[in-house]
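Read the structure below first, then the notes.
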Amino acid sequence: MALIRCDFFSEALALGTSMTVLLPQRAATQIGLAGQATDAAPPVLYLLHGLSDDDTAWTRYTSIERYAAAKGIAVVMPQVHRSFYADERYGHKFWTYVSAELPELVSSFFRVSTRREDTFVAGLSMGGYGALKLALRQPERFAAAASLSGAVDLAHLYEWDKRPHITELVARVFGDRPVAGTGDDLVHLVEHKSPEEKRVLPRLFLRCGTEDHLLAQNERFVAACRRHGVDVDAGFGPGDHEWGYWDTQIRSVLDWLPLT
């Protein structure tokens, strides 16, 4: 694999930012790393970070490079700070950046597939929320989306989590605008999909540890999906909100992706 730290200017954010990118590479004489690469543009996974992380976190704390090499898949890891993948009330337009500008930049900078069937998104914690929001709001872009330990019930967090650092974060990102019943509310998005829209949704995958403080949020989201006929491959088992769990589960995600 080629590992690239890409620094560039974002028009949507009106500032310089970074992304970390893994690209498949043929390396027949490399010892100890199985790689897959073809002449075709590789499929791409947009892999999103959590609240306290940046675009380097997945490569620092997991073996995503080894796992992606075996699958022949490119991995794009953008940086969005503590934005909840939203256009911030007091800050920057991170939803516009991730949903519109980033894929255009990636396709202009790198040779990766732009076909829906080759495009996937996944993330952990805040990034799990971001991955599902992208899948539910832009189903035409993605073939599959995965959330690991996702903060998937943001409306509940907005209304009921009154810890000072959470209330300050919510106030900065969303201001006085509500989350419930909007495009930032994943449960609302699930509840209001028409039968036609449900048929074209990406495949959805969700995992959360039973010792995770976000377990109840994930159970509520899965229950909403099942009430409203939205298919999701959901699983709950031993695990906490930590990198050992996510390192294991990202391998499950890559095995689950419908790679052709």
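Any read-out appearing in this document is the output of simple, stated calculations on the displayed coordinates, not a laboratory observation. Remember, it's a predicted structure, so these values are computed and weren't measured experimentally. All Cβ positions, glycine included, derive from the backbone under ideal geometry; neighbour counts span all protein chains shown.
Quick one: putting +1 on the C-beta of Lys and Arg, -1 on the C-beta of Asp and Glu, what dipole do you get for the chain around its Cα centre, in Debye to the nearest 20?
Taking the Cα centre of the chain as origin, the dipole is about 400 debye.
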_Give me, ordered by chain and number, the residues 5 or more places off Asp54 or on other chains with an amide H under 5 Å from its own placed amide H._
none
*Would you work out the charge dipole size for the stretch 60-103 about its Cα centre, treating the Cβ of every Lys and Arg as +1 and the Cβ of every Asp and Glu as -1, and quote it to the nearest 20 debye?*
180
*asked:* Of the candidates Thr38, Thr29, Thr119, which one comes out as most mobile in a Gaussian network treatment of the chain with C-alpha springs shorter than 10 Å?
replied: Thr29
*If you plug each phi of the stretch 68-73 into the Karplus form 6.51 cos²θ - 1.76 cosθ + 1.60 with θ = phi - 60°, what whole-Hz ³J(HN,Hα) values come out, in order, with x for Gly and Pro?*
5, 4, 5, 9, x, 10
*Would you kindly derive the ³J(HN,Hα) couplings of the stretch 80-92 from the backbone phi angles with the Karplus curve 6.51 cos²θ - 1.76 cosθ + 1.60 (θ = phi - 60°), listing them in order in whole Hz, with x for Gly and Pro?*
10, 6, 9, 8, 6, 6, 10, 6, 5, 5, 10, x, 10
*Among bridges DSSP assigns within the stretch 2-256, what percent are antiparallel (round to 5)?*
40
*How far is helix 126-137 tilted, in degrees, relative to the longest principal axis of the Cα atoms in the chain, given as a value from 0 to 90 rounded to the nearest 10?*
90
*If one takes the longest principal axis of the Cα atoms in the chain, at what angle in degrees, from 0 to 90 and to the nearest 10, does the Cα axis of helix 164-174 lie?*
80
*Counting only residues 5 or more places away or on other chains, whose amide H sits under 5 Å from the amide H of Ala144 once H atoms are built in the peptide plane?*
Val121, Arg203
*Along the charge dipole of the chain, which of Ala100, Met19, Ala70 sits closest to the positive end, that is, farthest toward it, with unit charges on the beta carbon of Lys, Arg, Asp and Glu (+1, +1, -1, -1)?*
Ala70
*What order, most packed first, do the peptides 126-132, 212-218, 163-169, 140-146 have when packing is the mean number of other Cβ atoms within 10 Å of each residue?*
126-132, 140-146, 212-218, 163-169
*Report the residue, chosen from Val80, Val98, Val106, that carries the largest GNM mean-square fluctuation when the chain is represented by alpha-carbon nodes joined by springs under 10 Å.*
Val106
*asked:* How tilted is helix 243-256 with respect to the longest principal axis of the chain? Cα atoms for both, answer in degrees (0 to 90, nearest 10).
replied: 70
*Identify the trypsin sites (Lys or Arg not before Pro) of the stretch 160-260 meeting these criteria: DSSP loop state and at most 13 other C-beta atoms within 10 Å of the C-beta.*
Lys162
_Which residue, Ala146, Leu186, Asn218, has the largest displacement toward the positive end of the dipole of the chain when charges sit on each Cβ (Lys, Arg +1; Asp, Glu -1)?_
Ala146
